[in-house]
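K.L.:
My structure is below; once you've seen it, I'll send some questions.
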Amino acid sequence: MRPLSPSGFFAQKDDLPVIQSDASPMKDFRQPAPQASATLPGTPALPRETPARDDAVAAAPGNCRIEVRATERESFTEYHVTGTVERMGSTGAVADELLARVGAVIAECRIQPMQEKLYGLASVRDEVLQRRLAAYRREELDLSVPVTWIQGAPLQHNEFAGVQIWGIAPKDRRTSVATVEHPSTGRGRLLSGRGFRLLHLPSVRGARPGGTLAKGAVAQAQQMFLNAGLGLQAHGFQYRHVVRTWIYLARLLDWYGEFNAVRTAHYRPAGLGLKGGPAFPASTGIQGSSDGEECVMDLLALDSEGPDRAAALPILRSTRQDSSFNYGSAFSRGMTLKIEGRRTVHVSGTASINAAGASAHVGDAEMQSVEMLLCIAAILEEQGGSLANITSATLFCKTRGAWESWLKVSRLLRVPNFPKVCVLADVCRSDLLVEMEAVATI
């Protein structure tokens, strides 16, 4: 990382976000902070205390918005960083500004990323990823961190929508994140904590040995799940450890039913969803692609020495929605990760579906937005939280008109302005207009 100022912070840096702790008053990155503890020569430095829970955002003028949410735990601080493009500008200019500011936050907070996801048009993918590499190299960040690029048309008339990062800042040497690799899945990130491990495998594709994609959508899905299983096994995990998946299908509405059949067939041998077996993971299934494939998947797996160390608690249904498997989709409504006394709730992709499993408010994007919010709020309320606890979210809108309806609902109902990236995408049914996934810390 680049040199620190005498105060322990980067010198001459005026565009960093204000962060508020859930246990302390608001802290501005531009104010002096305590110096890091000295270490013996040759001894790895322990991460110093980092700013925690944010309910504020960067106020500096520009084309981009940076939002940081941080939650303190005993051995680490959990971070969610969301950067979005807010104004029109050339792709190169907005990407440089956004990624420079995001890189500065990662460096300043000493975040070790677990997941990084970028959204934009396929036509600018290579350019944005190259500019990301340059921005992170200037901050001397870990360039081995893998990323997921999702083809998602931005709703701000730009070509690049934004970035989401989830990671941690360890407080001791027993907690760390490292890059791992396997031919079937490529690079991933492994968090080793106090009695538990979390593995994130991004951009798992339906590629056969040698790198060529399997022919046809169903064959690619089968190979994708096979590759994920091989990657999990290589790092000491199994399918029963999977707690969250993010699945993107380029032609979602054309073969979603066939995809569901493939997914269920791969989950059954692991006992997922069977009586007495582990629950289905939380999941998002949405239109999207990364690099021209029919389907691509990110997944998160948890292995724990016991529930007192870390536990995955499935949310099978809520007061507003029953089990999704009732209509053939093998996923839980959400998954709560309970670690060191705090809960991180992963809410699956949620749309306007009622308790009977039918699409609600067909043709009415405003009411579908309201129903979607009610369903997410119901899940979070049962976990002891609310929409105000959301630290990261993605909103998928079928049309620009649906997005405008969402904005109207948010304004009229004064929905908490939680961090989110918004993109155009088909939802899993042709009559559904909006869907949202979310992460909340409680």
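K.L.:
Tell me, which residue of region 363-385 that is part of a helix (DSSP H, G or I) and out of contact with any helix residue (DSSP H, G or I) (no Cβ under 9 Å at 6 or more places or on another chain) is surrounded by the fewest Cβ atoms within 10 Å (Cβ to Cβ)?
P.N.:
Within region 363-385, the match that is surrounded by the fewest Cβ atoms within 10 Å (Cβ to Cβ) is 381.
K.L.:
Could you pull out the residue among 193, 152 that is assigned by TED's automatic domain parsing to the domain that holds residue 251, touching a strand residue (DSSP E or B) at 6+ places or on another chain (Cβ under 9 Å) and not basic (Lys, Arg)?
P.N.:
193 is the lone residue from the list that is assigned by TED's automatic domain parsing to the domain that holds residue 251, touching a strand residue (DSSP E or B) at 6+ places or on another chain (Cβ under 9 Å) and not basic (Lys, Arg).
K.L.:
Anything in region 139-170 that is of a type outside the set (A, V, I, L, M), out of contact with any helix residue (DSSP H, G or I) (no Cβ under 7 Å at 6 or more places or on another chain) and either at pLDDT below 95 or more than 22 Å from residue 300 (Cβ to Cβ) (or both)? List them, or say none.
P.N.:
Scanning region 139-170 gives 140, 152, 154, 156, 157.
K.L.:
Which of the residues spanning region 77-94 are out of contact with any Leu (no Cβ under 9 Å at 6 or more places or on another chain) and in contact (Cβ under 8 Å) with a residue 60 or more places away in the chain?
P.N.:
Once the filter is applied, which keeps residues that are out of contact with any Leu (no Cβ under 9 Å at 6 or more places or on another chain) and in contact (Cβ under 8 Å) with a residue 60 or more places away in the chain, region 77-94 yields 77, 78, 79, 80, 81, 82, 86, 87, 88, 89, 94.
K.L.:
Starting from region 347-368, take each residue that is on the phi > 0 side of the Ramachandran plot and list its partners that are part of a helix (DSSP H, G or I) and not aromatic (Phe, Trp, Tyr), counting only C-beta distances under 7 angstrom and pairs at least six apart or across chains.
P.N.:
What qualifies is 357/326; 361/367; 361/368; 361/371.
K.L.:
I need a count of the residues in region 194-207 that are surrounded by fewer than 23 Cβ atoms within 10 Å (Cβ to Cβ) and touching a Ser or Thr at 6+ places or on another chain (Cβ under 6 Å).
P.N.:
Of the residues in that region, 3 qualify.
K.L.:
What residue, among those in region 44-98 that are part of a loop (DSSP other than H, G, I, E, B) and of a type in the set (Ser, Thr, Tyr), is modelled with the lowest pLDDT?
P.N.:
Checked region 44-98; the qualifying residue modelled with the lowest pLDDT is 50.
K.L.:
Applying the selection to region 297-346, what residues are in contact with a Leu (Cβ under 6 Å, 6 or more places away or on another chain), surrounded by 21 or more Cβ atoms within 10 Å (Cβ to Cβ) and small (Gly, Ala, Ser)?
P.N.:
Within region 297-346, 301, 312, 332 qualify.
K.L.:
Criterion first (closer than 19 Å to residue 436 by Cβ and outside the structural domain of residue 442 (by TED's automatic domain parsing)) does residue 285 satisfy it?
P.N.:
Yes, satisfied.
K.L.:
If the requirement is being surrounded by fewer than 20 Cβ atoms within 10 Å (Cβ to Cβ), outside the structural domain of residue 73 (by TED's automatic domain parsing) and either touching a strand residue (DSSP E or B) at 6+ places or on another chain (Cβ under 6 Å) or modelled with pLDDT under 95 (or both), which of these qualifies: 401, 349, 357?
P.N.:
Within the list 401, 349, 357, the selection yields 357.
K.L.:
Within the set of pairs 6 or more residues apart or between chains, which connect a residue that is assigned by TED's automatic domain parsing to the domain that holds residue 267 and of a type in the set (D, E, K, R) inside region 317-330 to a residue that is assigned to a loop (DSSP other than H, G, I, E, B) and surrounded by fewer than 16 Cβ atoms within 10 Å (Cβ to Cβ) with Cβ atoms less than 7 Å apart?
P.N.:
Here the result reads 320/355; 322/355; 322/357, each pair linking region 317-330 to a residue that is assigned to a loop (DSSP other than H, G, I, E, B) and surrounded by fewer than 16 Cβ atoms within 10 Å (Cβ to Cβ).
K.L.:
Output the number of residues of region 386-442 satisfying the condition of being of a type in the set (Val, Ile, Thr), closer than 30 Å to residue 258 by Cβ and assigned to a strand (DSSP E or B).
P.N.:
Selection size over region 386-442: 5.
The values are calculated or read from the model by the stated rules, or taken from the named source; none is laboratory data. For clarity, every value in this text was computed on a predicted model and none was experimentally measured. We place every Cβ from the backbone using ideal geometry, glycine too, and count neighbours over all the protein chains shown.
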